[in-house]
1. Take the residues of the range 437-477 that are of a type in the set (G, A, S) and over 17 Å from M24 (Cβ atoms): which is surrounded by the fewest Cβ atoms within 10 Å (Cβ to Cβ)?
2. Looking at D42, D69, D80, D102 in this structure, which one is acidic (D, E) and farther than 20 Å from L262 by Cβ?
3. Name, by its number, the condition in (1) at pLDDT below 95; (2) outside the structural domain of D181 (by TED's automatic domain parsing); (3) crowded, with 20+ Cβ neighbours inside 10 Å that does not hold for V84.
4. Is there a residue being within 11 Å of L127 (Cβ to Cβ), hydroxyl-bearing (S, T, Y) and not in a loop (DSSP other than H, G, I, E, B) anywhere in the range 168-188?
5. Are any residues in the range 232-258 at positive phi and in a strand (DSSP E or B), and if so, which ones?
6. State whether the residues of the range 428-436 include one that is buried (at least 18 other Cβ atoms within 10 Å of the Cβ) and not assigned by TED's automatic domain parsing to the domain that holds K291.
7. Just give me the residues in the range 323-346 being part of a helix (DSSP H, G or I), touching a residue at least 40 places away in the same chain (Cβ under 8 Å) and not hydrophobic (A, V, I, L, M, F, W, C), in sequence order.
8. All but one of (1) at pLDDT 90 or above; (2) more than 30 Å from S46 (Cβ to Cβ); (3) within 32 Å of the chain's Cα centre (by Cα) hold for D386; state the number of the condition that does not hold.
Amino acid sequence: MATVSSSTSAGSSIDVQGIVSQLMQVEQKPLTALQTKISGVDTKVSSIGKIKSALSTLQTAAQGLTSLDTWRAATATSSDDKVVSATTTPGAPTGAFPIRVDQLARPQTAMSAQLAGPDAVIGGGTLTIQLGNWDDTGKIFTPSATQPATPIVIPANATLADIRTAINSAAPGIGATLVNDGGKTRLMLRGSAAGADGAFQITVADADGNNGDATGLSQLSVDPAGGGNLPLTQTALDAKFNLGGVDMTAASNTIANVVDGLTLNLKQVSTTPTNIEVSNDTESMRKALDKFVTAYNDAMSTISGLTSYDATNKKAATLQGDASVRTLQTSLHTLITQTIGTGKIASLSAAGVAVQRDGSLAVNGAKFTAAAADPAALKTLFSNVDANVPGNVGIAKRIDTFIGRALGVDGSITGELNSLQSRKTGLNKQVDRVNAQLDATQKRLIKLYSTLDANLTKMSTATAYIDKLTSSTGNNG
């Protein structure tokens, strides 16, 4: 709406700006009423948004209870964590697994003699690195069938540091490191992976023409069977362990799925078995349930707070009387109190979740722990799916589906938000029309009273002139 820009000038008869401003305050009442309605719609949109957010959180928590992994969770403990530890994935079988560690897996390591330092000049040529496996005697090398030999060209006058960098850049399955030893420097070569198949052999084509002496590049050859110059300080070995009376081997000290869902971490050789005890992970199950209970209580509290009536202060909440929201709340309460099938854990109460007098949920720890001894029954209670018998659908699955529909394209919450948005759009259009009318009215009033002011000013001027003439004539007589 345009502002009143006309002002009372010297000699004006009336206050045009003041009169128009007062008249426009009356004219603006319909606009104020529309703006109040829009504010009310915005408040309702915000309230529905809070309910939507609370329901989304509840749906996520319900989905956690419908996940099969929640009820297949297991945990492992070791009788001697210094010797062997274990981790689990969902579905690991419960029970005790005795493990005796006979040998740890380790990579092959070779170490050069002491040299002057990183800048010591070694010389050029070609190092050829081949991964593979040494036999038990350490004399017969079998090249890897999947890893071809890696030739590394070393430039003339290359230093120890240059050779270290060239080996690491080529990434041939070994790593090179410079080791400070009493002011001298050694080149340590170490297999990138533990296990017998991570062994390596290094042959040399020395630029000085002599591939067998202990000078130049040939001093870095690694070949126990052929007189290599770089001695092995550690041979590559597989891990050896005994599981439940059966001898086994592995290329790594971290052994996954030797038992389904169980990963062993071998740490130390032992002479007696270490017991790995796998049990149901009641703690993680309880956390998933607590998350659901908290989300349910928060959602119901949010709905109650936004639909209530404060009798003391005689003030209604934003959504008081909103039938669709109240129906949604009643439906959630009904879903939470239903039974599932005829099993021994067929209700939340049987699982240790009680409905309080105020309608909120609370978990009885002891009762839940007893129920968690049968995770399959809890899985059925919360996540069972039965297309033929709706009464056999799990509680969390029902709530997930119900909220999904409510928040879906055709759901009640989405419909409520769309309706409010449509109403706001209509109100905004009315505001635009009223503003246009107010602008026109204001311009008309300004023109009207400005014209009146001008006419009154002219009349005042004429009257003053006549009075002056009359006074002048009377004086002359």
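The values are calculated or read from the model by the stated rules, or taken from the named source; none is laboratory data. Note that the structure is predicted; figures quoted are calculated from it, not measured. Here Cβ is always computed from backbone atoms with ideal geometry, including for glycine, and neighbour counts include all displayed protein chains.
1. Just the residues of the range 437-477 that are of a type in the set (G, A, S), to begin with: 440, 450, 454, 460, 462, 464, 471-472, 474, 477.
The next check asks that each one be over 17 Å from M24 (Cβ atoms); those that pass are 454, 460, 462, 464, 471-472, 474, 477.
On the way: A454: 13, S460: 13, A462: 10, A464: 10, S471: 9, S472: 9, G474: 8, G477: 4.
Selected residue: G477.
2. Numbers: D69 fails: farther than 20 Å from L262 by Cβ; D80 fails: farther than 20 Å from L262 by Cβ; D102 fails: farther than 20 Å from L262 by Cβ.
Only one candidate qualifies: D42.
3. Exception for V84: condition (1).
4. Narrowing the range 168-188 to residues within 11 Å of L127 (Cβ to Cβ): 170, 172, 174, 176.
Filter once more, so that each one left must be hydroxyl-bearing (S, T, Y): none.
So far as the range 168-188 goes, no, none of its residues is within 11 Å of L127 (Cβ to Cβ), hydroxyl-bearing (S, T, Y) and not in a loop (DSSP other than H, G, I, E, B).
5. Kept after step one, since they are at positive phi, are these residues of the range 232-258: 244-245, 257.
Of everything in the range 232-258, just one residue is at positive phi and in a strand (DSSP E or B), namely N257.
6. Kept after step one, since they are buried (at least 18 other Cβ atoms within 10 Å of the Cβ), are these residues of the range 428-436: 434.
Now narrow it down to the ones that are not assigned by TED's automatic domain parsing to the domain that holds K291: 434.
Looking for residues that are buried (at least 18 other Cβ atoms within 10 Å of the Cβ) and not assigned by TED's automatic domain parsing to the domain that holds K291, one finds at least one in the range 428-436, hence yes.
7. Quick first cut of the range 323-346, residues part of a helix (DSSP H, G or I) only: 323-336.
From the residues that got through so far, the ones that are touching a residue at least 40 places away in the same chain (Cβ under 8 Å) too are 324-325, 327-328, 331-332, 335-336.
Hits for the range 323-346 are S324, T327, S331.
8. (1)
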